[in-house]
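A short reminder: the numbers here are calculations on the coordinates, not readings from a lab. Given the structure is predicted, the values throughout are model-derived calculations rather than measurements. Ideal geometry is used to build each Cβ from the backbone, glycine not excepted, and the neighbour counts take in all protein chains shown.
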Amino acid sequence: MYRLGVIGLGEGRSILSAAQASERWEIVNMCDINEDICKERAREFGLTRYTLQYDELLHDPNIDVIAIYTPDQWHGRHIKQAFEAGKHVIVTKPMLNSLEGVHEVLEASEASGKHLFVGQSSRFFEPMIHQRKDYIAGRHGDLEAVEAYYISDARWFLERSWSKQSGFSWMYNFMIHAVDLAAWYLPNIEEVFGYGRSSSTNGEHGLSVPDTMRFLMRDREGRIAQVSGSYTTPALRGVDPGISCTLRGTNGTSRAVYSKLEYYTHFHKEKTAVHSFEEKRPYYFRFEGDSHHAGEYQNYIEYFADCLDQGEIPKPDLREGIRTLAVMAAMERSMETGQPVRVEDILREHSLA
């Protein structure tokens, strides 16, 4: 049984549901700066303990793992403090919202000997799980191209106060889902090139960071990824699935999507097929509509427990998370310069190569 402390009870709602449904996890305490949401979660899940002070989680010897679901800008500090307190860490994406401060996190990790797992929830959604199994089994043949996108009408997110704080980024908060899927299949992305723009909707809310972005990426073997994101324009609901990952190989093509529970395949000597997992909708979506990620979090905390049991490194870990952040830093620079950017150059600049 692993004992869990949770900070950030908005998005943290899903991991509370996941841990409560698991035979391998116990919720010890939870934390948020908003006492009303603490009380709401206590009522919702029948819990008796909460705190407004993160230090209370850090100094509790009964907590093995701290799960961090706070605003992106705070992740670095919260991760470092958890390591210094001798805790394993689960942190929602993005692990950090830039490469600044990454050496402090690395040093804290190495000193603690504890594991960090980046909660890239899209990897743990049912269609993506099946796609990964088919890829590992070699059903695609030689992988030639990956197409990943996250297209969503997320204008509602602009009403959150912290979206207007320094450090907020549509790329790091939203598009990272698509970037991570591309990097999962092409872990050695070498060069990126792309464009981005900020809409008038962004401007009306005081933001100037890009909210529409399109990128091409190439790995060391010359394989290509196309990664796209749009966040403040109306979406074609029912047509655009939200998140999509397409793998194109010499023996097959597949597409896994979210939030539809569907997986599309065309493998060698097989007809095109649609695989539906609609019967699992109550498992994945436990709250209002197709919201939150309780099922994915359930899957990944069970995976994390397996890794801890077996002494294995959970993936994506700190090192993999840093590589993804370097890819995203290269994407940012390409948007700024209009030129292709090499990921290794970014890593060297930050003494990470």
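Exposure proxy for D60, D36: other Cβ atoms within 10 Å of each Cβ, ordered fewest to most, give D36, D60. Please report Rg over Rh for segment 144-196, where both radii come from the alpha carbon positions and Rh follows the Kirkwood definition. With Rg and the Kirkwood Rh in hand, the quotient comes to 1.04.
Rounded to the nearest 20 debye, the dipole magnitude of the chain is 700 debye, with +1 charges on Lys and Arg beta carbons, -1 on Asp and Glu beta carbons, and the Cα centre as origin. With the cut-off at under 18 Å, measuring from each backbone N in segment 164-208 to a point 7 Å along the Cα-to-Cβ line of H275 picks out 185. Each principal axis of the Cα cloud of segment 203-353 was evaluated for its coordinate range; sorted largest first, these ranges are 48, 47, 41 Å.
The antiparallel fraction among DSSP beta bridges confined to the chain stands at about 60%.
Spread over its residues, the convex hull of the C-alpha atoms of segment 164-221 is 80 Å³ per residue.
Subtract the Cα-Cα distance of R160 and R43 from 0.36 nm times their separation in residues, and report this length gain in nm to one decimal.
Stretched fully, the R160-R43 segment lengthens by 39.8 nm.
Shape analysis of the chain yields a ratio of the Cα radius of gyration to the Kirkwood radius, Rg/Rh, of 0.95. So what is log10(I(q)/I(0)) for segment 2-121 at q = 0.09, 0.12, 0.21 1/Å, when the Debye sum runs over its Cα atoms only? Debye intensities relative to I(0), on a log10 scale: -0.21, -0.38, -1.19. Ordering Y303, Y150 from the fewest to the most neighbouring beta carbons within 10 Å gives Y303, Y150. Three semi-axes describe the equivalent ellipsoid of segment 144-248; taken as square roots of 5 times the Cα gyration tensor eigenvalues and ordered largest first, they are 26, 15, 11 Å. Expressed per residue, the C-alpha convex hull volume of segment 272-353 stands at 213 Å³.
Per residue of the chain, the DSSP helices (runs of n ≥ 4 H) give a summed -39500 (n - 2.57) that works out to -10000 deg cm²/dmol at 222 nm.
Per-residue extension of 0.36 nm, minus the Cα-Cα distance of D317 and E110, leaves a gain of 73.2 nm for this segment.
Rounded, prolate or oblate: which one fits segment 207-287, using the alpha carbon gyration tensor with axes a ≥ b ≥ c (rounded when a/c is under 1.5, else prolate when a/b beats b/c, else oblate)? It comes out oblate by the Cα gyration axes. Relative to the longest principal axis of the Cα atoms of the chain, the long axis of helix 102-112 lies at roughly 50 degrees. Fewest-first ordering of T265, T337, T233 by other beta carbons within 10 Å of each residue's beta carbon gives T337, T233, T265.
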